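Beneath this line is the structure, given in structure tokens, with notes to follow.
The values are calculated or read from the model by the stated rules, or taken from the named source; none is laboratory data. Note that the structure is predicted; figures quoted are calculated from it, not measured. All Cβ positions, even for glycine, are placed from backbone atoms using ideal geometry, and neighbour counts span all protein chains on display.
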Amino acid sequence: MVTKEENQSLTQVGPGTPGGELLRRYWHPVAAAAELTGEKPIKAVRLLGERLVVYRDTSGAYGLVAEQCSHRRASLAYGRVDDEGIRCPYHGWKYDAAGKCLETPAEPPGSTLKESIRQPAYPVERLGGLLFGYLGPRPAPALPRWDVLAWEHGERWVQRHSVIQCNWLQCMENSVDPSHLYWLHGVTAHLANAMDHYEERHDFTIFDHGIMKRRTSADGEGERVDQHPLLFPNILRHVLKSRDSGKLVHNLQIRVPLDDTHTQVFMVLFAPGQGARTPPDADTPFEFVTMRDAEGAYRLDLVLAQDVMAWETQGPVADRSTEHLGAADKGVHIFRKLVAEQIEIVRQGGVPLGVSADGGEGGIIELEVINQRIGLARPQTELVAQA
Ligand code: FES
Ligand SMILES: [Fe+2]
């Protein structure tokens with residue numbers, strides 16, 4: 001049972017809220033790198049209830065600053081970039097990526113006004129085709145180099161999905177909710193038939209980076225194990241087999257809280273392949289995927305749109321005080337408890353799950369993903385070693 005107060009604490013994302021302070025300990029994608037071009041080097045974005053602009057200056061460096069200008073609050077989204085930073089479109093004040101005010105052109109010569117100005121500015125890093133921002137206390141922790149972002153031995157591409165009209169926690173609870181697979185997605189394809197014959201057991205184990213989910217199923221041919229992690233707090237790591245090519249496609253589904261009632265999914269996909277090579281800082285193809293058709297109806301032929309339908313219809317922020325959880329909701333319960341515990345750790349000044357304070361530079365975090373249903377029985381690290 002979750003009280004209204006606990007529900008608020010779990011779901012609020014703004015600055016100064018308990019949940020918002022937890023989420024500020026992690027890096028979150030704000031855009032695909034390919035969304036910033038020479039013609040359109042500035043993009044207005046939202047993250048954790050804050051309005052920001054991300055930009056690429058003419059020297060190729062990235063910046064992430066508050067959207068509203070410190071002078072009189074016009075939007076920097078309509079500004080201009082040069083090789084030092086971003087200039088406001090209204091009266092031309094210019095800022096660098098650290099938020100330092102470089103010029104106040106309308107002020108008299110010798111004015112020292114700019115020395116006292118600080119535009120809020122945040123660290124931004126590019127990895128695996130995405131631009132990640134960090135809004136928390138400094139120094140920023142290392143940006144985790146998840147395998148799907150950092151592997152080189154194949155092809156990578158990224159997607160940004162249409163904005164989901166609900167709180168981020170609903171999306172994440174879905175990742176520890178195995179009973180929805182049959183009812184929400186089972187109507188499509190082979191999954192329904194397959195699952196009729198299965199007896200399944202689900203285990204959720206807390207590990208260094210989140211919750212390892214393990215599904216053991218039995219049919220006439222014996223026992224099969226699938227295992228993949230939820231990377232705390234807001235990432236699902238998966239592997240699928242492409243229906244078209246038969247290739248394995250690893251993916252990272254990152255559910256970014258834009259504000260209390262909007263969530264943005266970024267997906268990074270990686271197909272290991274002979275010959276192909278994609279460094280983590282390479283230009284990465286980008287596509288926008290919408291979960292609705294031209295009339296605004298859910299595209300229910302897409303598995304992801306089925307999920308989005310379920311999340312959005314729970315309400316902008318699901319009222320967990322009026323739910324009735326059952327035994328099959330064990331994973332949901334474990335996840336909420338973990339979020340509440342990590343909020344408390346941050347409140348007491350500690351370092352929450354998965355945050356690495358030191359650099360960890362150069363490394364890759366490889367995750368053991370097993371999917372016996374599609375013939376992927378070995379830990380992923382062995383496959384990489386062979387590639
Ligand atoms: S509002 Fe930005 S320079 Fe005046
Ligand atoms: Fe789902």
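Filtering the range 209-246 to residues that are loosely packed, with under 14 Cβ neighbours inside 10 Å and either under 26 Å from the mean Cα position of the chain (by Cα) or closer than 25 Å to Pro272 by Cα (or both) leaves Ser242, Arg243, Asp244, Ser245, Gly246.
So, in the range 293-311, exactly how many residues are out of contact with any helix residue (DSSP H, G or I) (no Cβ under 9 Å at 6 or more places or on another chain) and away from ligand 2 (no atom under 12 Å from the Cβ)? Spell out the reasoning first.
Taking the range 293-311 as the starting set, the residues that turn out to be out of contact with any helix residue (DSSP H, G or I) (no Cβ under 9 Å at 6 or more places or on another chain) are 293-297, 301, 304-305.
Still in the list and also away from ligand 2 (no atom under 12 Å from the Cβ): 293-297, 301.
The number of residues fulfilling the criteria is 6.
Out of Leu135, Leu131, Leu102, I need the residue that is part of a strand (DSSP E or B), away from ligand 2 (no atom under 16 Å from the Cβ) and within 20 Å of Pro257 (Cα to Cα). Which one? Before the answer, list the steps.
Details: Leu135 fails: part of a strand (DSSP E or B); Leu102 fails: within 20 Å of Pro257 (Cα to Cα).
Just one listed residue meets the conditions, Leu131.
Is one or more of the residues making up the range 65-74 at pLDDT below 95 and over 27 Å from Ser162 (Cβ atoms)? Looking for residues that are at pLDDT below 95 and over 27 Å from Ser162 (Cβ atoms), one finds none in the range 65-74, hence no. Applying the set (1) under 26 Å from Leu143 (Cα atoms); (2) free of Cβ contacts under 8 Å to residues at least 60 places away in the same chain; (3) crowded, with 18+ Cβ neighbours inside 10 Å to Arg25 leaves exactly one unmet item: (2). I'd like the residue in the range 247-268 that is over 13 Å from the mean Cα position of the chain (by Cα) and over 24 Å from Thr17 (Cα atoms) and, out of all such residues, is surrounded by the most Cβ atoms within 10 Å (Cβ to Cβ). Across the range 247-268, the extreme among qualifying residues is His250.
When the residues of the range 163-197 are filtered to those that are within 15 Å of ligand 2 (Cβ to nearest atom) and of a type in the set (S, T, N, Q), which remaining residue is modelled with the lowest pLDDT? Step by step, filter the range 163-197, then rank; the result is Thr188. Sub-9 Å Cβ pairs linking a first residue in the range 306-317 that is closer than 11 Å to His180 by Cβ to a second residue that is in a helix (DSSP H, G or I) and modelled with pLDDT of 95 or more, at least 6 apart or interchain, are Asp307/Cys171; Asp307/Asn174; Ala310/Gln170; Ala310/Asn174; Trp311/Gln170; Trp311/Cys171; Trp311/Glu173; Trp311/Asn174, ordered by first then second residue. Restricting attention to the range 104-148, the residues that are farther than 30 Å from Arg347 by Cα and basic (Lys, Arg) add up to 1.
Table: residues versus (1) within 19 Å of Ser116 (Cβ to Cβ); (2) surrounded by 15 or more Cβ atoms within 10 Å (Cβ to Cβ); (3) within 16 Å of ligand 2 (Cβ to nearest atom).
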| site | (1), (2), (3) |
| --- | --- |
| Arg56 | no, yes, no |
| Ser59 | no, no, no |
| Gly63 | no, yes, no |
| Glu67 | no, yes, no |
| His71 | yes, yes, no |
| Arg80 | no, yes, no |
| Asp83 | no, no, no |
| Ala98 | yes, no, no |
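Of a type outside the set (Phe, Trp, Tyr), at pLDDT 95 or above and under 20 Å from the mean Cα position of the chain (by Cα) - does that describe any residue in the range 271-280? So that I can check it myself, show each step before the final result.
First, pick out the residues of the range 271-280 that are of a type outside the set (Phe, Trp, Tyr): 271-280.
Subset that is at pLDDT 95 or above: none.
No, the range 271-280 has no match at all.
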